[in-house]
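Undergrad: The structure that follows is given in the form of structure tokens.
All of the numbers you see were taken from the coordinates with simple rules; none came from a lab. From a predicted model like this one, the values you see are computed outputs, not experimental measurements. No Cβ is skipped: glycine too gets one built from the backbone with ideal geometry, and neighbour counts run over all protein chains shown.
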Amino acid sequence: MAVPLQSRGEGEEDRYAPLAEINVTPMVDVMLVLLVIFMVAAPLLTVGVPVNLPKTNAAEVTQPQKPIVVSINQAGDTFIADEPVAAADLKRRLDALAAEDPSRIVYVRGDRTIPYARVMDLLGQVNAAGFSKVSLLAEAAPKAE
């Protein structure tokens, strides 16, 4: 049995235009549910196991202090951090810093053009002030390809 095809009349095509709008209501609903879940779960993630901790007389752990940077430029001028220091005041300033905390790290930077003996003299002054953690800083060489 055959089904007869019906012909469309003029103007009928306009009634069957596709709907091209996106319905965002389900997406908003899902996002709100996820927001509620995260709002409820977030405080639970930060809470640890309840423990009654014992008391102690041990000293509190302190944050490490910033290292002291001592530099010598090409002209032979000495600096602590970015502040210029006269050669006569260098020993006094280093002694004062060592009196505060002799365990601080000291970085020594020297220009590549100054004599090696000048850098060693500065290292000796830093060591004589009482610092035991002294490091020399250098610039990384470019990689050879």
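Undergrad: Please determine, in degrees from 0 to 90 and to the nearest 10, the orientation of helix 87-100 with respect to the longest principal axis defined by the Cα atoms of the chain, where the helix direction is its Cα long axis.
TA: The answer is roughly 60 degrees.
Undergrad: While we're looking at this one, here's another question. Just flag the GluC sites (Glu not before Pro) in region 55-141 sitting in loop per DSSP whose Cβ has no more than 10 other Cβ atoms within 10 Å.
TA: GLU60, GLU139
Undergrad: Take ALA20 and ALA128, extend 7 Å from each Cα along the Cα→Cβ direction, and tell me the distance between the two endpoints in nm.
TA: Rounded to a tenth, the inter-label distance reads 8.6 nm.
Undergrad: How big, in percent, is the set of alpha carbon pairs in the chain lying more than 17 Å apart?
TA: Result: 78 percent of Cα pairs exceed 17 Å.
Undergrad: Sorted by mean Cβ packing within 10 Å, highest first, what order do the peptides 129-136, 28-35 take?
TA: Descending packing order for the listed peptides: 129-136, 28-35.
Undergrad: Exposure proxy check: LEU137, LEU122 ranked by fewest other beta carbons within 10 Å?
TA: Fewest-to-most Cβ neighbours within 10 Å comes out as LEU137, LEU122.
Undergrad: Could you tell me how many degrees, from 0 to 90 and to the nearest 10, lie between the Cα long axis of helix 25-46 and the main elongation axis, the longest principal axis, of the Cα atoms of the chain?
TA: Between the helix axis and the principal axis of the chain, the angle is about 30 degrees.
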